[in-house]
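The values are calculated or read from the model by the stated rules, or taken from the named source; none is laboratory data. Nothing here was measured: the structure is a model prediction, and the numbers come from that model. Cβ coordinates were reconstructed from backbone atoms using ideal geometry, including for glycine residues, and neighbour counts include every protein chain displayed.
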Amino acid sequence: GLQVLLILKRVVTIIFLKKTRLVAPEMESRSTKGRVVIKDEWPGYSLKLFTYPEHYHEDVESVYIPHGVIMDRIERLARHIMEDISDQNIMVLCVLKGGYKFCCDLVEHIKAIGRSADKYLETRVEFIRLKSYLNDQSTEDLQIIGSQDLSFLRGKNVLIVEAIVDTGKTINALLKHVETFEPKMVKVTALLVKRVPNMVENLPDYVGFEIPNRFVVGYALDYNEYFRDLNHICVISEVGKKKYKI
Ligand code: HPA
Ligand code: MG
């Protein structure tokens, strides 16, 4: 009797587990690769629970995405990217300055995956500097600062690495620019995409987190050049916005 009951319990458990989804449905709807969706209601973690540079005390409201979670998500993105562009050479185009940490950590993971699979793919990293934000507002004109001649992209598999995408204006302008140099393939990865009115739906190809329409700083994302030295991604406070306003 007991044996039968135990077997029955196992069967029920297996059926139940099969019905239990391990991924949130909204993660699957937009792209098969998915993204971590952070809901509008998410308040972030209390600052008291983590460490951060003391000089930013009062300048941020909460730890929105802890550094460790960022790193774990980047490892997953690196795997997705390698599934699509393995056995080939990758020309990484890092969008400065906000993308430098993401790019650095992503490339390390890409190389590690390549090593563990005994694939000796050549990873080159080039940099482009864009600027379109003043205070927390997007300005109309996109400035490409620094290397404008991207002829080294010709015939290459290009991975554009961008920290944050909202309306997609910046990334679309950059894509057009990059395509004039006739690369073989172009993929875009963004650590964050922001849910704004008219947000881009199909771009980028690989997304770390989808976040609400709030101004975030840290992990190389700035507010007038401040907060790049913060490891976590945090929500800036009103005090912080005032203190560093230009
Ligand atoms: N933080 C920092 N830089 C940005 C953001 C943001 O939320 N959105 C666009 N550029
Ligand atoms: Mg900026």
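Okay, residues lined up against (1) away from ligand 1 (no atom under 14 Å from the Cβ); (2) under 19 Å from LYS39 (Cα atoms); (3) touching a Pro at 6+ places or on another chain (Cβ under 7 Å):
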| site | (1), (2), (3) |
| --- | --- |
| VAL178 | yes, no, no |
| GLU182 | yes, no, no |
| VAL200 | no, yes, no |
| ILE211 | no, yes, no |
| VAL216 | no, yes, no |
| LEU230 | no, no, yes |
| VAL239 | yes, no, no |
| LYS243 | yes, no, no |
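Can you tell which of VAL217, VAL165 is among the hydrophobic types (A, V, I, L, M, F, W, C), under 25 Å from HIS109 (Cα atoms), modelled with pLDDT under 95 and within 14 Å of ligand 2 (Cβ to nearest atom)?
On the way: VAL217 fails: modelled with pLDDT under 95.
Result: VAL165 is the single residue among VAL217, VAL165 that is among the hydrophobic types (A, V, I, L, M, F, W, C), under 25 Å from HIS109 (Cα atoms), modelled with pLDDT under 95 and within 14 Å of ligand 2 (Cβ to nearest atom).
Rundown of residues vs (1) part of a helix (DSSP H, G or I); (2) farther than 22 Å from VAL165 by Cα; (3) touching a Gly at 6+ places or on another chain (Cβ under 9 Å); (4) within 16 Å of ligand 1 (Cβ to nearest atom), yes/no style:
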{"residue": "LEU77", "(1), (2), (3), (4)": "yes, no, yes, no"}
{"residue": "GLU83", "(1), (2), (3), (4)": "yes, yes, no, no"}
{"residue": "PHE102", "(1), (2), (3), (4)": "yes, no, yes, yes"}
{"residue": "LYS111", "(1), (2), (3), (4)": "yes, yes, no, no"}
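Scanning region 34-50 for residues that are hydroxyl-bearing (Ser, Thr, Tyr) and either surrounded by 18 or more Cβ atoms within 10 Å (Cβ to Cβ) or over 22 Å from the mean Cα position of the chain (by Cα) (or both) turns up just one, SER46.
Of all positions in region 175-196, at least one carries a residue that is more than 16 Å from ligand 2 (Cβ to nearest atom), within 19 Å of the chain's Cα centre (by Cα) and of a type in the set (D, E, K, R).
In region 220-240, what count of residues is obtained for those that are more than 16 Å from ligand 2 (Cβ to nearest atom) and out of contact with any strand residue (DSSP E or B) (no Cβ under 7 Å at 6 or more places or on another chain)?
Within region 220-240, the subset more than 16 Å from ligand 2 (Cβ to nearest atom) is 231-232, 237-239.
When the remaining residues are screened for being out of contact with any strand residue (DSSP E or B) (no Cβ under 7 Å at 6 or more places or on another chain), the result is 238-239.
Total satisfying the criteria: 2.
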